[in-house]
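To start, the structure under review is shown below, and the notes come after it.
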Amino acid sequence: LAPVHSLRVGGAGWSQQICIGSLADARDLLRGRFRGQGAALVTDRTLLALHGSVLEDLLPLRPLLVAEGEAGKSWTTLQELVTGLAHLEHRRDLPVLALGGGSVGDVAGLAASLFKRGCPWVYIPTTLLAQVDSAVGGKTAIDCDGQKNLVGSFHPPELVICDPALLDTLDPRQLRAGYAEVVKYGLIDDPAFFGWCEGHGETLLGGDRAAREHAILACMGAKARLVGNDLHDRSGRRALLNLGHSFGHAIEALTGFGPVLHGEAVAVGLVMAARFSERLALLDRREADRLRAHLAAVGLPSSLSDVGLAGRGSELLPLMLQDKKAQGAGPVLILLRGIGRAFIASDISADELGRFLAAAP
Ligand SMILES: NC(=O)c1ccc[n+]([C@@H]2O[C@H](COP(=O)([O-])OP(=O)(O)OC[C@H]3O[C@@H](n4cnc5c(N)ncnc54)[C@H](O)[C@@H]3O)[C@@H](O)[C@H]2O)c1
Ligand SMILES: [Zn+2]
């Protein structure tokens, strides 16, 4: 591979090699990793049709197809994958290969972590969300009993091959949704990167290769830094990555997981976190306005009414209170003292939050 960027990220007990560049150039890298053997490839039908042939030129493939999108994160799919790997006589010292968005990655990673008590996996993320977020940090999961990510493990892919050109076939709405997570990293602790987003967001979404590479590199680095030595999410430091997500998850749940894409819900959630911070006199109004303006400029929703929930803010409160991130007495929220100054606020009054939600536009 002649990658534009090759880096190793990790912390205590975890390590991932990341290559950002053209998939077509990854032949030697992949052949080396699969030791000349064919690869069990977990992907969906759409991605196999769109990008399977490029991969097939690099190494022999034995595809294991999963249902598209969130539907693939199920017990049924997990069982099919494990059985499929057994039928392929997959060796536990060889990696499983996954090609797809966060959904494919989540179920493929979980299958790899369970098959013969765990085998490595190699991930080729195909959505912006997966390239900037889910490919790093090792969380795998399926949904169960109506709850997202109820069953899962921590099992990072040992190698991520990230080709921004794969995003060219992605639906523009999906691409934009993934961009909300890009903005999130600027808001958490990198004001300069937020400024870069304001200047380059539209270019990135328009297909500019250099802008995409810059953002992917920045976000993967930021995610790895925020995961740090806490792969298993025990110390709470990974919690900052949930900025916008308590509001966002409640929006997804209220709309029945699907009509509002995860990233769209996060975009609204980021603005709500900023507006709530403003209400608590933690954040200057101009900073919250600046965030809303940028998200609106790139075509992301930034209010409840933008996602069809006008006047329904109160219904978010019970969903937020039952969110798994809410521990102890009151809800725990990630709030902002400024752009690039997110912090964990654990002393939130549920009444105050309720009044804010009831009035949220
Ligand atoms: N493990 C983590 O750390 C982590 C982090 C964030 C999100 N997630 C999970 O990721 C999932 C969402 O993933 P997502 O947003 O990447 O979408 P997705 O994986 O659900 O894919 C959405 C759709 O886009 C299609 N698609 C994917 N790549 C394409 C491409 N290049 N060209 C054309 N079509 C393409 C897929 O076939 C699918 O129909 C959620 O389940 C979420 O919980 C996991
Ligand atoms: Zn997210």
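Counting Lys and Arg as +1 and Asp and Glu as -1, each charge on the Cβ, what is the dipole of the stretch 210-361 about the Cα centre in debye, to the nearest 20?
Its charge dipole is roughly 380 debye.
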Below 8 Å, C-alpha to C-alpha, sequence gap of six or more: please give me the relative contact order for the stretch 69-194 in percent. 23 percent
Hits among aspartates and glutamates - C-alpha to C-alpha of Lys73 under 13 Å, sequence gap 8 or more where chains match: Asp44, Asp106, Asp143, Asp145
Mean residue ellipticity at 222 nm from the helices of the chain, using -39,500 (n - 2.57) per DSSP H segment of n ≥ 4 over the full residue count, to the nearest 500 deg cm²/dmol? -13500 deg cm²/dmol
When ligands, DNA and RNA are left out and all protein chains stay put, how many square angstrom of accessible area per residue does the chain have with a 1.4 Å probe? 40 Å²
About the Cα centre of the stretch 154-296, what is the dipole size in debye to 20, counting +1 per Lys and Arg Cβ and -1 per Asp and Glu Cβ, all else neutral? 400 debye
Considering only protein heavy atoms and a probe of 1.4 Å, how much of the accessible area of the stretch 164-294 is carbon and sulfur, as a whole percent? 50 percent
Please sort 348-358, 72-82, 37-47 by packing, taking for each peptide the average over its residues of neighbouring beta carbons within 10 angstrom, highest first. 37-47, 72-82, 348-358
Can you tell me the convex hull volume per residue for the chain, based on C-alpha atoms, in Å³ to the nearest whole number? 120 Å³
Sticking with the crude label model, points 7 Å out along Cα→Cβ, report the distance from Asp233 to Asp93 in nm, one decimal please. 3.3 nm
Dipole magnitude of the stretch 47-115 about its Cα centre, charges +1 at Lys/Arg Cβ and -1 at Asp/Glu Cβ only, in debye to the nearest 20? 160 debye
Summing +1 for each Lys or Arg and -1 for each Asp or Glu, what net charge is found among the other residues whose Cβ lies under 11 Å from the Cβ of Pro191? -2
Taking alpha-carbon centroids only, the stretch 291-361 lies from the stretch 115-178 a number of Å equal to 25 Å
For Ser53 and Lys116, calculate 0.36 nm times their separation in residues minus their Cα-Cα distance, and state this gained length in nm to one decimal. 19.7 nm
How large is the translational diffusion coefficient of the stretch 170-264 in µm² per second when you combine the Kirkwood radius over alpha carbon pairs with Stokes-Einstein at 37 °C and 0.692 mPa s? 229 µm²/s
What is the percent of Cα-Cα separations in the stretch 16-110 that go past 24 Å? 17 percent
Please compute the net charge surrounding Asp106, taking Lys and Arg as +1 and Asp and Glu as -1 over other residues with Cβ under 14 Å from its Cβ. -2
Report relative contact order for the chain in percent, whole number only (criteria: Cα-Cα under 8 Å, sequence separation at least 6). 14 percent
Taking the Cα centre of the chain as the origin and placing charges on Cβ (Lys, Arg +1; Asp, Glu -1), which of Tyr179, Met220, Ala12 is farthest toward the positive end of the dipole? Ala12
Step through the residues of the stretch 136-148 one at a time and calculate ³J(HN,Hα) from phi using the Karplus curve (6.51 cos²θ - 1.76 cosθ + 1.60, θ = phi - 60°), rounding each to whole Hz and writing x for Gly and Pro. 10, x, x, 7, 10, 5, 10, 8, 7, 6, x, 10, 5
For an R0 of 35 angstrom, estimate the FRET efficiency from the Cβ-Cβ distance between Asp289 and Gln322 and round to the nearest 0.05. 0.65
Mind checking which of Gly244, Val332, Gly299 is farthest towards the positive end of the chain's charge dipole, using Cβ charges of +1 (Lys, Arg) and -1 (Asp, Glu) about the Cα centre? Val332
If I model a spin label as a point 7 Å beyond the Cα along the Cα-Cβ vector, how far apart are those points for Glu158 and Ala210 in nm? 3.6 nm
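Output the relative contact order of the stretch 97-151, whole-number percent, from Cα pairs under 8 angstrom with separation of 6+ residues. Walk me through the numbers on the way to the answer.
On the way: 73 pairs, mean separation 20.6, N = 55.
Relative contact order of the stretch 97-151: 37 percent.
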On a full-extension model of 0.36 nm per residue, what is the gain between Arg27 and Asp145, subtracting their alpha-carbon distance, rounded to one decimal in nm? 38.4 nm
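The values are calculated or read from the model by the stated rules, or taken from the named source; none is laboratory data. Bear in mind that the values here come from a model prediction, so they are computed numbers and not experimental data. Here Cβ is always computed from backbone atoms with ideal geometry, including for glycine, and neighbour counts include all displayed protein chains. Side chains are part of the model used for accessible areas, which takes the heavy atoms of the whole protein and leaves out ligands, DNA and RNA. Shrake-Rupley method; radii C 1.70, N 1.55, O 1.52, S 1.80 Å.
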